[in-house]
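Student: Following this message is one structure expressed as structure tokens.
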């Protein structure tokens with residue numbers, strides 16, 4: 001396995017995260033660089049989904065990934081090995097989320113020349129990451145079938161801040177009590193505009209739809 | 001469905017949570033009341049596991065449940081409907097964890113006369129709840145098979161503060177890339193003393209072992 005760069009993120013000193021996030025977004029706009037903030041509960045398949053998606057997009061876009069975790073570098077190594085794109089690991093030192101300043105610390109370690117898209121894989125957590133604007137152009141989340149269709153009822157903020165909800169592990173739907181229509185209805189209660197894209201990162205089903213959606217977003221942002 | 005009591009928990013004012021938690025534990029010891037703090041990621045099957053376990057124990061112990069969630073009362077209603085035992089819902093008002101004072105606010109709403117065991121179902125989150133001692137006699141956690149066997153590497157604190165790790169959804173093991181031996185090894189890296197109990201809350205397999213373990217803990221505590 002390849003070695004990856006591991007960055008120890010320091011706690012932010014900025015009091016006004018919303019302002020800092022808006023500034024970061026403006027800087028990204030000026031560079032034509034799209035930042036996607038991908039959130040989910042632990043084990044919903046963020047890394048596997050990213051590998052599939054990046055392999056569909058890497059001939060069309062120049063992509064880098066920042067993997068945030070409390071500890072370990074398993075995800076950054078997986079991404080690098082499976083896609084060949086630049087991937088760095090951010091260690092949050094026990095912190096449950098990333099804010100704009102912490103995201104900036106990560107970005108400073110990503111070579112940005114000619115880059116189109118940076119994907120931030122946030123800490124696996126349905127609560128805290130939703131409370132902090134990272135400066136990303138777009139928030140995306142993954143809900144996996146085994147977690148249950150009632151999650152939008154229990155974690156309202158996460159669903160309301162995300163522009164797209166990817167429903168992963170649809171290949172195991174027969175083994176779980178998961179009602180996709182009911183889940184979509186709950187998601188729309190939280191966020192009527194959210195896109196819902198069912199996929200299986202294991203079989204690849206539906207991943208093209210997510211990749212197409214992301215490509216369109218990135219191209220619109222660059223204009 | 002039955003109605004359940006919903007308590008809006010207020011943010012704690014106590015500066016020293018560790019002291020407050022130790023005090024609460026001492027009060028519980030004096031009453032012979034065992035408090036179990038059950039943690040996990042969202043959707044790992046805490047509620048279903050509790051229903052199975054309570055139905056195996058409710059003739060031997062008097063049990064009550066406190067269900068903590070950011071929003072909704074679906075879990076408290078499920079527990080009450082499926083077991084008939086007292087169940088209340090704690091709303092954390094967006095907070096990602098419970099501390100000892102918040103747990104105390106919940107306990108004040110549970111009728112304790114003759115009670116042996118209170119189970120606190122913490123907010124679904126593998127990060128923050130591990131950082132706050134609730135005053136519970138024992139921390140337990142559930143890791144479900146679809147989340148992956150690498151979770152002890154990524155969420156070290158959660159695994160190190162738990163006396164028992166229940167591995168749930170073993171019925172779907174054939175559909176996921178989950179190595180139980182490797183997972184046990186990772187858990188022991190974090191906590192050499194942790195009990196590991198594989199179960200399926202859906203089929204009931206292994207739940208008796210967890211119930212037996214819990215019954216023994218409660219009986220020892222009362223002595």
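Student: Only residues that are closer than 19 Å to residue A:112 by Cα and either in contact with a strand residue (DSSP E or B) (Cβ under 6 Å, 6 or more places away or on another chain) or within 14 Å of another protein chain (Cβ to nearest Cβ) (or both): list them for the stretch A:54-71, please.
Tutor: We begin by selecting, within the stretch A:54-71, every residue closer than 19 Å to residue A:112 by Cα; these are A:54, A:57-68.
Matches in the stretch A:54-71: A:54, A:61, A:63, A:64, A:65, A:66, A:67, A:68.
Yes/no matrix, rows are residues, columns are (1) touching a strand residue (DSSP E or B) at 6+ places or on another chain (Cβ under 8 Å); (2) under 18 Å from residue B:112 (Cα atoms); (3) at pLDDT below 90:
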residue	(1), (2), (3)
B:2	no, no, yes
B:13	no, no, yes
B:22	no, no, no
B:28	yes, yes, no
B:37	yes, yes, no
B:44	yes, no, no
B:52	no, no, no
B:73	yes, no, yes
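Student: Which condition does residue A:85 not pass, out of (1) within 11 Å of chain B (Cβ to nearest Cβ); (2) surrounded by fewer than 24 Cβ atoms within 10 Å (Cβ to Cβ), if it passes all the others?
Tutor: (1)
Student: Does residue A:142 satisfy the condition of being in contact with a helix residue (DSSP H, G or I) (Cβ under 9 Å, 6 or more places away or on another chain), buried (at least 21 other Cβ atoms within 10 Å of the Cβ) and touching a residue at least 24 places away in the same chain (Cβ under 8 Å)?
Tutor: Answer is yes for this residue.
Student: Could I ask something else about it? Could you list, in sequence order, the residues of the stretch A:178-207 that are in contact (Cβ under 8 Å) with a residue 60 or more places away in the chain and either exposed (fewer than 15 other Cβ atoms within 10 Å of the Cβ) or in a loop (DSSP other than H, G, I, E, B) (or both)?
Tutor: The answer is A:199, A:201, A:202, A:204.
Student: Then there is this: Can you report the number of residues in the stretch B:108-123 which are surrounded by fewer than 21 Cβ atoms within 10 Å (Cβ to Cβ), at negative phi and without any contact (Cβ under 8 Å) to a residue 60 or more places away in the chain?
Tutor: So the answer is 4.
Student: A further question on this structure: Could you look through the stretch B:94-106, keep only residues that are free of Cβ contacts under 8 Å to residues at least 60 places away in the same chain and within 17 Å of the chain's Cα centre (by Cα), and pick out the one that is nearest to the other protein chains (Cβ to nearest Cβ)?
Tutor: Within the stretch B:94-106, the subset free of Cβ contacts under 8 Å to residues at least 60 places away in the same chain is B:94, B:96-97.
Then drop every residue that is not within 17 Å of the chain's Cα centre (by Cα), which leaves B:96-97.
Working: B:96: 4, B:97: 8 Å.
So, considering only residues that are free of Cβ contacts under 8 Å to residues at least 60 places away in the same chain and within 17 Å of the chain's Cα centre (by Cα), the one nearest to the other protein chains (Cβ to nearest Cβ) is B:96.
Student: Among the residues of the stretch A:17-57, write down those that are over 26 Å from residue A:157 (Cα atoms) and part of a loop (DSSP other than H, G, I, E, B).
Tutor: A:32, A:33
Student: Consider residue A:65 carefully, then state whether it is part of a strand (DSSP E or B) and at pLDDT below 90.
Tutor: So residue A:65 fails the test.
Student: Show me the strands (runs of 3 or more DSSP E) found entirely inside the stretch A:111-173 where at least 1 residues are modelled with pLDDT of 95 or more and at the interface with chain B (Cβ under 9 Å from one of its Cβ atoms).
Tutor: Filter on the stretch A:111-173 gives A:138-144.
The values are calculated or read from the model by the stated rules, or taken from the named source; none is laboratory data. This one's a predicted model, so the numbers in the text were calculated from it and none came from an experiment. Because the Cβ atoms are built from the backbone with ideal geometry, glycine has one as well, and the counts that use them run over all protein chains shown.
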